[in-house]
Amino acid sequence: MRDPRYDILFEPVRIGPVTTRNRFYQVPHCSGMGHRYPEADLSLRRMKAEGGWGVVSTQETEIHPSSDISPSNQQRIWDDHDVDRLKKLTEAVHEHGSLAAIQLVHNGIHTANRLTRIAPYGPSDMVVDVEDPVQARAMDKADIAAFRTWHRDAALRAKRAGFDIVYVYAGHDMTLLQHFLLQRHNSRTDEYGGSFENRLRLFREVLADTRDAVGDRCAIAVRFAVEELLGADGLQHDGEGRDVVAALAEEPDLWDVNLSNWSNDSQTARFSQEGFQEAYTAFVKTVTTKPVVGVGRYTSPDAMVRAIRSGVLDLVGAARPSIADPFLPKKIEEGRIDDIRECIGCNICTAGDNTVVPIRCTQNPTIGEEARKGWHPEIIPSLAKPEAVLIIGGGPTGLEAARALAQRGADVTVAEAGREWGGRVTKEAKLPGLATWARVRDWRMGQLRQAPNVELYLDSPLTAEDVLSYGIRHVAIATGARWRTDGVGRLHRSALPFLSGNAVVGVDALLERGTAALSGNGPVVIFDDDRYYMASVLAEMIALSGRRVTFVTPASIVAPWTDHTLEQRRVQTRLIELGIDIVLLHQLGDFRPDVLSVECIYSGRRREIDCSIVVPVTARLPVARLWHDLSARAEVWTDHGIETVERIGDCLAPGIIAAANYAGHFYARKLASAQNEGCDAYR
Ligand code: ADP
Ligand code: SF4
């Protein structure tokens, strides 16, 4: 039964001519699928509706070939062919009683039109803000008129496709309407440039055009960035950001407000807390009577209720919380708060889109696999007959395999060598800024502890002999991986002999003992050839303990892969602010007592760095001893009643936590079933 404290979340809200059944609003978010994998995109959106989100939105939807952000997999509504495809999407969302929203976009200078080869459109002559050597044209009056017609036509197509809410989008520094609004992009001298009213003109006109075209049946939403965190160079929530909302206050049926650009809007938990946008968006409800939706990684129903009762929001917007748990509203409705799989704020979901592949999530291994593999986040087929499974290793791989197998009805035994559950997640969650990552463990342990068919054993390091003696039919080896200390990684492909002494401290020692693993108090060098988060977080931890730290990497920026998780600028800034010396484009050359030599990766020129301890953060090796020992005795498995032995997750091939979770889940789905990779079925 639902807790009455949360009743307010289930009140219907009128949005212009339509009404949403509750206050849960899945705001537009990329899926990495869009028009390229329509069946997959549609199935993901349908799942959100089934999970109880009152409104389910598309990702940004290009209105015209002059807004072509190929090769990114966004949505498209260029012509009637697209209408047929999108109609299926709205029908899927309506099947479950939700409203379907479409975020129309013209990307302006945020595109190079790589596919269509049309010269991009912008308020002024300027280079585009993507990496291509392409300039946008300054739109003349005919271009502006054409753009207004395209937007209007797209809105009419959206209405024909069955959408209930049509967006006019000026956000993320990715849209023509925002480009016209911003002084830094707009240097026009006609009635569309200069004064605030002139820069706002196109936005106002397109809003009116859209209402005129489809406002009889569709609600008109504005998605607008009230703050850009650029100081006086950008929109500010107490400056023009506010002025825009005040000027257009009653014109849309809904205000969807957030921060710009995307890296500010979708900040990770390493850099912000739940509800972090409220400080910027709270004013909106004071200047409009229209319903307001906002985001801020809300996963707790109490925080949602507070945001509504305190008059900050009318509708609780979510992208990431709805990815991590598409059934979040249903679980609140059914009083199953502890079953909510909370987003950890890691942005692996944005990395999918940024690497132009379908979405994936650290917490929800089924996301993006609804159509291809037929995976439902809540339902999993039961086993045809009873099966017993021994899982060795209680990290994310082992825990997810155990949880999903328990759900399928297997008798599950999990043995973990250590004294705590969670493997790498438990250790990494102790690092600065990563506390929420423990949710990966906590949700799974919560589910496992409720399951009657699961036995959990800590302090149980198993050998091949143990496994054979138990004689459990299926064995999954999820024993994880350990970080290398020999320097081998992307750049150094063979072990560096000078890293063999005890002035080298491995990542695992730091994860297990913190800075107590570092002897003395001399300067530390972190060598990062992993290029994701680990080296920067360790550098931060060591610098916070008061030691001098130098960060050396062969990459041209700190932690380049964090660009995909929208964190790179913040990561590098944080290291600079902590006083960490950063040496880019260098590899390791030699290490003698207190002196580390590093080499420029282009010229080979050497330089020396004061260094008492080196921490190589390069790559990991599977902990595969058990697997090899058992494999060597494969001929006696059947004598012991063992049918299958499989290694999964980091112990097969070390990767990110999302991959470990996926591996555990896939193992559970595959066991005694016909489930296969389904690689050829992505549509
Ligand atoms: P993954 O990400 O694949 O889950 P982790 O490294 O997070 O990998 O977790 C692996 C877990 O396996 C660790 O907690 C480790 O203590 C445990 N483990 C390793 N070897 C054994 C073993 N022989 N018996 C039981 N547990 C083991
Ligand atoms: Fe949240 Fe990470 Fe999943 Fe994205 S990938 S929804 S940030 S848990």
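The values are calculated or read from the model by the stated rules, or taken from the named source; none is laboratory data. For clarity, every value in this text was computed on a predicted model and none was experimentally measured. Note: ideal-geometry Cβ built from the backbone for every residue, glycine included; neighbour counts use all protein chains shown.
Quick look at the numbers
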{"read-out": "Residue match in the stretch 414-423 (condition: in contact (Cβ under 8 Å) with a residue 40 or more places away in the chain and part of a helix (DSSP H, G or I))", "value": "no"}
{"read-out": "Evaluation of residue 108 against (1) part of a loop (DSSP other than H, G, I, E, B); (2) in contact (Cβ under 8 Å) with a residue 24 or more places away in the chain; (3) surrounded by fewer than 23 Cβ atoms within 10 Å (Cβ to Cβ); (4) in contact with a strand residue (DSSP E or B) (Cβ under 9 Å, 6 or more places away or on another chain) (one fails), failing number", "value": "(3)"}
{"read-out": "Subset of the stretch 437-455 that is in contact (Cβ under 8 Å) with a residue 60 or more places away in the chain and buried (at least 21 other Cβ atoms within 10 Å of the Cβ) - its residue that is farthest from residue 658 (Cα to Cα)", "value": "443"}
{"read-out": "Residue in the stretch 408-442 that is farthest from residue 381 (Cα to Cα), counting only those that are within 15 Å of ligand 2 (Cβ to nearest atom) and of a type in the set (D, E, K, R)", "value": "428"}
{"read-out": "Residue, surrounded by the fewest Cβ atoms within 10 Å (Cβ to Cβ), within the stretch 645-683, restricted to residues that are under 21 Å from the mean Cα position of the chain (by Cα) and over 24 Å from residue 628 (Cα atoms)", "value": "682"}
{"read-out": "Count - residues of the stretch 590-615 that are among the hydrophobic types (A, V, I, L, M, F, W, C) and either assigned to a loop (DSSP other than H, G, I, E, B) or exposed (fewer than 14 other Cβ atoms within 10 Å of the Cβ) (or both)", "value": "3"}
{"read-out": "The stretch 399-452, subset among the β-branched types (Val, Ile, Thr) and closer than 24 Å to residue 672 by Cα, residue nearest to ligand 1 (Cβ to nearest atom)", "value": "414"}
{"read-out": "Test: residue 346 is surrounded by 23 or more Cβ atoms within 10 Å (Cβ to Cβ), within 24 Å of residue 434 (Cβ to Cβ), assigned by TED's automatic domain parsing to the domain that holds residue 298 and within 16 Å of ligand 1 (Cβ to nearest atom)", "value": "yes"}
{"read-out": "Those helices (runs of 4 or more DSSP H) lying entirely in the stretch 236-329 with at least 1 residues away from ligand 1 (no atom under 16 Å from the Cβ) and among the acidic types (Asp, Glu)", "value": "240-247, 262-265, 278-281, 301-309"}
{"read-out": "Unique match (being in contact (Cβ under 8 Å) with a residue 60 or more places away in the chain and not in a loop (DSSP other than H, G, I, E, B)) among 85, 14", "value": "14"}
{"read-out": "Residue within the stretch 251-263 that is among the acidic types (Asp, Glu), farther than 30 Å from residue 437 by Cα and more than 16 Å from ligand 2 (Cβ to nearest atom) present", "value": "yes"}
{"read-out": "From 508, 466, residue being away from ligand 2 (no atom under 16 Å from the Cβ), outside the structural domain of residue 431 (by TED's automatic domain parsing), in a helix (DSSP H, G or I) and modelled with pLDDT of 95 or more", "value": "508"}
{"read-out": "Criterion: touching a Ser or Thr at 6+ places or on another chain (Cβ under 6 Å), at pLDDT 95 or above and in a strand (DSSP E or B) - qualifying residue of 102, 118", "value": "102"}
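Residue-wise test of (1) at pLDDT below 95; (2) crowded, with 24+ Cβ neighbours inside 10 Å; (3) among the acidic types (Asp, Glu).
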{"position": "122", "(1), (2), (3)": "no, yes, no"}
{"position": "131", "(1), (2), (3)": "yes, no, yes"}
{"position": "140", "(1), (2), (3)": "no, no, yes"}
{"position": "143", "(1), (2), (3)": "no, no, yes"}
{"position": "148", "(1), (2), (3)": "no, no, no"}
{"position": "151", "(1), (2), (3)": "no, yes, no"}
{"position": "171", "(1), (2), (3)": "no, yes, no"}
{"position": "176", "(1), (2), (3)": "no, yes, no"}
{"position": "183", "(1), (2), (3)": "no, no, no"}
